[in-house]
Amino acid sequence: MQVRQNLTFTHPSRPATSPAKTDRAKSPPQSQKKTTQLPGFGQYSKPLLRPVRFGLRIPHPVTLNRLQQSPLAWNEELQKLDATRQALETAAKEMGLDPFPVAMHVMPHDKFLQLAARKGFPERYPHWSWGQEYYDLKLPTLYGIRNFNEVVVNNDPVQAYLPDAYPAYVHKILMIHALARSDFFKNSLHFRHTNRRMNEQIAGHADMIRALGNDPAIGKVAVEEFIDKVHSIRNLVDGTRPMRDGFRAEPITEENPERDVLGFLTQHSPELKPWQRDVVEMLRRESFAQVPHNKTQLLSDGWASFWNMKLNAQNPEMWDIENLTRESRFMATIFKNDPVKVNTYKLGFTIFKNLEKQFREQLKDHPDRDHEVLKALRKIRREEHDVSLIRKYLTQDMVEELLMYTYDPKKKAPNPNAHMHGVFVPPGDNQKPGTKLHISSRDFEDIRMKLIKMYENGGQPVIEIVSTNHDKQDGLLLRHLYEYDLKKDYAEKTLINLAQLWGNRVYLDTWLTDDQGEKTHVMLSSDGQQIVRRNLQ
Amino acid sequence: MMIQLFPQNPAAKSRQPKAKDNNAFAGKMPALKTLNRDTVKFGAGAPPSSDPDFQRYFEIIKESARRDLQKFKSPQEFEVTKDGKSVKIPRDYINTPHFTRGGNEGGVGQGEGDEGDEVGELDENGQPKPGKGEGKGKPQPGKGEKAEKGEEPGEPGDEPGEGDLGGEGSQDGKPDDWNLEISRSEIARWIGDGLELPNFEPRGANNIQKMETTWDTISRLGTQGNLHRRRTLFEALKRLMAGTQNFDPKKINFQRSDFRYQSFTERPIPKENAVIFYILDTSGSMTADRKKMARDTNFYLSTYIQYQYGKMNAELRAEKPDDKDFGNGVEERFIIHDDKAEEVPEKDFYNTTKSGGTKFAPAYEEIKRLIKEKYPIDQWNVYIFHYTDGDNFGDDNKKSIEILKELIDSGVNLYGYVETRQQEGMGGSTTYKNVLDQAFGKNNKFIRTSHIKKVERGEYAQALKDLLGKKDN
């Protein structure tokens, strides 16, 4: 079988088309080429959708992309996997799951990692960071430290990517996860407004950005450097509402601030050229698509694990008795405790499991108890997000069951012998690498509050534009709604990038904790070159 | 009695490749977690993936590694590979700055332990990572540990990936570092280009004619293993067809005279050989800093000369210089001395911490002896580099200058004298540099001197320039 040299994410069925072959490539000769010929602002308002063959023309619901094998073995395995998929889908639907159709792609692990680095989109704009991400996923795999197992993309049909070379019982688990997530994407209120053709839209973005890079008037390096800058502010989107086309008309004031910094820059930055506006706009759309995922990570992980348990428990005919211990060991790796992080699978699963128990208690006398319980759970899946889930349903028992604690870098374990050696350990910069973390409490309320803080705004700091004419010199004033310190050096560099994109001075109103643990109200500002720090009263 | 059919060329015999212990740096480097499969080669090797974005990323880090190394990074910051022809340097992770939590507000974890127990620490990005600590808050026993160690091939690791556009899941599990391999030839090219050092030229008639054998002829003598069957058959056919009218090609008998064997011819090819003597003063006055200056400079000096000889020899053979040619024809000898001198392996040269008095003469005597015994000066280019702080015992000056004069008169290519001390001679006292100037004059063709004042990258460059650069006069 002929192996194509240019293998990156190309399905064998996909024709080899040069990415530069857009309508822009046929544009008039260079002499007439002006900025007006570039994809100017406004052109993007009709999103360029480019069909991704990989996602659309699926010869079979399960595709196996394993070229090394003989077609016969390939076919056999494909049929087996597809039988599993069908059985699971039927069982899930019987139990009340309502998923989008799921296209499952099984592929070699290396290719899978390349895809995972691009967050599951086979066509992504060219940028080195995918390469770095890919290699950082790859190295732990080489060391045997950890594996990445599945990527599921919110799309219609949902695209699920699984690595091959796994035993059947693992594929089964991953397929159940994919089905549950598909159901979650379809039914969660937070995904209501998302674009279900994101796969194609992102491929369109990739085409446009590639075309910009191929344009002699712009060049690949300029595009790459610009994307670097936008990447540093790409999480500054409004996490509270779905994306709107364009930008609001009413002015930004302190009482009526704006969180969509990317959208603001697209519309109002005097610095950006037309093509740069387009790039910002495209990345803004991709960022907005990420928002509901960030907001419901715990819920979605918990939902997937819960359904894995549920489907397995209810369908004993699917059990692989010979491999039952191996399967549970695999599940144990998923449910591993993490000393410095919350295992979202485990926490989410525990919440759902306890809720189920609770509902069963409540509906003890109901004639159709099983269905009613699942119905109640589906309602939670539909309406809640991470913060509300924790706020409403996390209990003391779960925290104790999960052995949860809060840790803190500031409280040091007292060393009883310190005074004898005359050792004095200065408090030091508590953002410094190597700062030790210590268990500070096992109190339920502490843990709950800390979790809520962690999941607030999808785990991103809340930063909003308060004024666009600060200091009466077109200064952009940002306010950090303080929950925790920003990472200091990152914040400074980001501010410099932002000032370059805005073309004028940018201010950030935030709080910083100093070495003694005292909080100071500060105003950081940058003109695109340097950082000025001023303490506020 | 055994007859040697193909006696070995005596010239070749005398220059058997010696097992080079070029891995001296490797022992000294801090232990890096390197596995061969994780080392990305460039120069000769290609990026390990066909992913175009990875290739771009690779270009970027390669460029940054190059820039870093060009500033004369200290050899202690990287590792020299076993064959001594390339170095491995750790790459930095490229961070994209963004507004994110500072990591100093703590968080929530899971596991056993009491209040005040240590559970981890902040990593380079200020994000919490699990510590190796006392087992507090580690995963529950029996769960997940097997897969962590990768004991069972095919057994998947810990958790499924993000079921979405990505998120934070990929953040953990980042490796601490991985290495880029850069050939020393490439380093030498950077040095040469940056400092405008001249290329070495062959000595002309003096270079050695190495006999090279090529298996390209047919002979009547040889071993059965080298039998050339086609030619043998051909000869037999010739004989039979000439002798008989109607011979049967199915019945061929071979005679002794038919046998032909593959054989070789010997051609002389020119080769330049060089021996480099490195002398390091390990007397009490050579502080750790002074030794570091010497050793750091020495790495780049050695790199440049080895590269030049490899290149020169390749050109003499009319071939294109390759990374493999690095160090071809060069032998390095390491001598340390206080008031006695001894030849040491390279490893010791870079690691010794001895102390004692200072006498130069024994070191020069040692070189004289080595040249006499092993490196006849009409066949070898001889370079001597001497690192010292210049505090020779006064009574040794006269004797050492005498021996040095002898050496230089006998045809040493270069005597490089490198003084590593923070100031000029203290309180009017003279260093050995003044003695050298008095004895040989400041512009002696065969003597170069340099003075390194501090542990700084620019200083090493200046030293290389002084020792190997073009001289104005």
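Read-outs: derived from the displayed coordinates by stated rules, not from any lab. Given the structure is predicted, the values throughout are model-derived calculations rather than measurements. Heads up, the Cβs are rebuilt from the backbone with ideal geometry, glycines too, and the neighbour counts pull from every protein chain shown.
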Task: Exercise: per-residue mean of other protein chain Cβ atoms within 10 Å, A:115-122 - done: 4
Open item on the list: Give me Rg/Rg_expected for the stretch B:361-473, where Rg uses Cα atoms only and Rg_expected = 2.2 N^0.38 Å with N residues.
Closed with: 1.09
- [ ] Please get the size of the charge dipole for the stretch A:115-266, origin at its Cα centre, with Cβ charges of +1 on Lys and Arg and -1 on Asp and Glu, quoted in debye to the nearest 20.
- [x] 520
Task: Estimated vicinal HN-Hα couplings, Hz - the stretch B:436-453 in sequence order (Karplus 6.51, -1.76, 1.60; Gly, Pro = x) - done: 4, 4, 5, 6, 10, x, 6, 10, 5, 5, 9, 10, 10, 10, 8, 9, 9, 9
TODO: List the residues whose amide H sits under 5 Å from the amide H of A:Asn343, counting only those 5 or more places along or on another chain, with H placed 1.01 Å from N in the peptide plane.
DONE: A:Asp338
- [ ] Would you kindly derive the ³J(HN,Hα) couplings of the stretch B:366-376 from the backbone phi angles with the Karplus curve 6.51 cos²θ - 1.76 cosθ + 1.60 (θ = phi - 60°), listing them in order in whole Hz, with x for Gly and Pro?
- [x] 4, 5, 4, 4, 5, 4, 5, 7, 10, 10, x
- [ ] Once you have all Cα-Cα distances for the stretch A:98-199, histogram them in 5 Å bins from zero and send the whole-percent values.
- [x] 2, 13, 21, 22, 19, 14, 7, 1, 0
- [ ] Work out the mean other chain Cβ neighbour count within 10 Å for the residues of A:484-494 and drop it here as an integer.
- [x] 6
- [ ] List the extent of the Cα atoms of the stretch A:186-339 along each of their three principal axes, largest first, rounded to whole Å.
- [x] 65, 44, 34
- [ ] At q = 0.12 Å⁻¹, what is the base-10 log of I(q)/I(0) for the stretch A:165-234 according to the Debye formula with one equal point scatterer per Cα and no solvent? Please give it to two decimals.
- [x] -0.62
Task: Separation of alpha-carbon centers, the stretch B:366-424 and the stretch A:438-470, rounded to whole Å - done: 70
- [ ] Net charge near A:Phe112: determine it from the other residues with C-beta under 10 Å of the C-beta of A:Phe112, scoring Lys and Arg +1 and Asp and Glu -1.
- [x] -2
Task: Estimated inter-spin distance, B:Arg317 and B:Arg256, nm [label 7 Å along Cα→Cβ] - done: 4.0
Task: Over 21 Å (Cα to Cα) - which of A:Lys138/B:Lys62; B:Lys359/B:Lys433; B:Lys71/B:Lys347; A:Lys392/A:Lys453; B:Lys71/B:Lys271 fall in this group - done: B:Lys71/B:Lys347; B:Lys71/B:Lys271
Open item on the list: Just to be sure I follow the rule: in the stretch A:211-345, considering lysines 8 or more places apart or on different chains, how many pairs have Cα atoms under 18 Å apart?
Closed with: 4
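Residues of A:288-294, mean number of Cβ from any other protein chain within 10 Å of their own Cβ, rounded to a whole number?
Across A:288-294, the average partner-chain Cβ count within 10 Å equals 3.
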